[in-house]
Amino acid sequence: MATKKLYQDDVYQKTCEAEILQVEKEEDGTWLVFDQTVFAPEGGGQPSDRGTVLEAAAPLKTAKSAFIDRAEDRGDQVFHRLTEDPGFRTGDRVILSIDWAVRFDHMQRHLGEHILSGAFWRLFGGINRGFHMGEDGMTIDIAFEGDLPGGGRAEILPDDRLNPDGGLDDRDLPDRVTWEMAEAAEFEANRVIQSDAPVSVRYFHTRDEAARMPVRKAVAFDQEISVVTVGDPAAPLDCVCCCGTHPSSAGQVGLVKIYKIEPNKGMSRVYLEAGSRALVNAQRHFNLLYELETALSAGDEDVLAKFRGRAEEEEAVHGQLTALRRRVQTQEAAAIAAAPAPFTCRTYEDLSVDDLMQIGRKAAKGRAGLLVLAQVPDRTALLFAGDGLDAGALTKAAAPAFSGRGGGKAAFARATFPDEAALRGFLTALGDRMKE
Ligand SMILES: [Zn+2]
């Protein structure tokens with residue numbers, strides 16, 4: 001027996017009574033089929049509803065209840081998955097309730113996407129070839145293909161964009177969405193939202209019937225097709241096949257905002273958000289900007305200039321720092337070279353391991369004995385050996401007693417230690433060995 005799909009008649013119905021027709025145990029959980037449902041299944045790029053099922057006509061304390069996290073359309077039946085099965089049985093009378101905040105969020109986002117896609121189509125002949133609705137945002141892929149999309153109709157385009165055959169004149173088709181085009185489409189989409197144009201859904205049994213509507217995309221289904229129209233069906237602001245749920249008027253979308261465009265497989269991927277999510281994003285972005293401006297003691301008009309000024313300063317400071325480090329490296333190497341000894345050990349707090357590497361290389365040239373340079377914060381020792389000594393062998397012999405890791409060859413070795421005491425123990429042990 002088929003499930004009566006109440007969400008098709010009234011998207012604002014949040015709860016209903018129902019009878020369980022089937023209980024199916026599947027690998028991913030228990031699925032219930034009801035005689036009717038307010039749960040809109042996954043479809044048209046829209047995630048499914050979620051909500052609860054509660055045993056009717058039983059005392060609340062003992063009534064069976066469960067959470068429904070997914071609804072799936074399987075032909076004329078809608079399957080509902082339980083996160084936990086309290087033992088529902090065929091014939092049980094239940095009350096179904098959807099999570100309305102989740103549903104309305106879906107509805108706002110879905111219709112926002114329709115309206116923006118309609119704007120790209122009407123303004124530029126851009127065709128929505130892909131749609132994704134995720135937790136982190138929505139994307140649409142806009143293509144410019146010259147010919148009208150198979151089955152798509154030209155009525156909703158201005159006459160001067162059509163060629164004599166009624167097709168889209170592709171001579172001046174853009175090859176991608178520019179930011180200026182995105183802003184124009186966004187402005188147009190929000191104009192449609194502000195006009196609070198009505199949204200109507202019509203159901204058709206066959207593809208031919210549906211294709212008589214001025215849809216902007218080819219009808220991709222053979223039967224049970226729903227066509228969603230924004231505005232007057234005689235001159236729609238948008239018209240497309242879609243099995244999702246949509247608010248009854250454009251104004252309920254509230255806001256559509258585009259964030260980014262990037263090339264994707266020959267198309268333009270447009271990142272957008274709609275509804276309350278667009279507003280929340282706007283708040284977050286404003287707060288970020290406000291914090292940035294406060295940190296830079298700037299306002300809208302000079303925050304970018306101040307930021308760029310900082311970046312230039314940083315680059316200049318970096319250049320100076322590099323020059324100073326080179327000078328320190330050379331001076332330190334010269335000081336070490338001026339004091340030859342069989343064993344020299346120096347520790348550093350403020351120079352990097354990389355600096356010590358440069359110093360050691362310069363100072364060890366032609367030098368006899370063992371030179372050890374230790375970087376204390378990084379707990380690292382560099383050993384430079386000359387004159388028949390073997391830095392690698394010395395490290396291998398002395399480091400393990402202090403949990404040191406590392407090694408090397410005769411001329412150079414390095415070792416790292418778990419803490420400062422271990423590093424200093426290793427340096428002392430090296431000195432003792434060199435005295436022997
Ligand atoms: Zn839709």
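Taken over the range 46-71, the residue count meeting the criterion of being at pLDDT 95 or above and under 32 Å from the mean Cα position of the chain (by Cα) is 10. Condition check: in contact (Cβ under 8 Å) with a residue 24 or more places away in the chain, closer than 25 Å to PHE402 by Cβ and of a type in the set (A, V, I, L, M, F, W, C). Does ALA385 satisfy that? It is true that ALA385 is in contact (Cβ under 8 Å) with a residue 24 or more places away in the chain, closer than 25 Å to PHE402 by Cβ and of a type in the set (A, V, I, L, M, F, W, C). Residues considered: ARG93, ARG122. Of these, the only one that is among the basic types (Lys, Arg) and in contact with a Lys or Arg (Cβ under 9 Å, 6 or more places away or on another chain) is ARG122. ALA71 falls short of the stated requirement of being among the hydrophobic types (A, V, I, L, M, F, W, C) and out of contact with any strand residue (DSSP E or B) (no Cβ under 7 Å at 6 or more places or on another chain).
Here PHE144 meets each of (1) modelled with pLDDT under 95; (2) under 26 Å from ARG284 (Cα atoms) with one exception, condition (2). Criterion applied to ARG81, ARG74, ARG89 was being in contact (Cβ under 8 Å) with a residue 24 or more places away in the chain and surrounded by fewer than 16 Cβ atoms within 10 Å (Cβ to Cβ), and the one residue passing it is ARG89. Looking across the range 27-57, just one residue is assigned to a strand (DSSP E or B), in contact with a helix residue (DSSP H, G or I) (Cβ under 9 Å, 6 or more places away or on another chain) and within 16 Å of the ligand (Cβ to nearest atom), and that is GLN46. Entry remark, the range 225-255: residues being over 29 Å from the mean Cα position of the chain (by Cα), within 14 Å of the ligand (Cβ to nearest atom) and among the small types (Gly, Ala, Ser) number 2 in total. Quick check: anything in the range 12-31 crowded, with 20+ Cβ neighbours inside 10 Å and either within 28 Å of the chain's Cα centre (by Cα) or modelled with pLDDT under 95 (or both)? Scanning the range 12-31, I find no residue that is crowded, with 20+ Cβ neighbours inside 10 Å and either within 28 Å of the chain's Cα centre (by Cα) or modelled with pLDDT under 95 (or both), so the answer is no.
The values are calculated or read from the model by the stated rules, or taken from the named source; none is laboratory data. Source: prediction; values computed, not measured. Glycine gets a Cβ as well: all are built from the backbone with ideal geometry, and neighbour counts include every protein chain shown.
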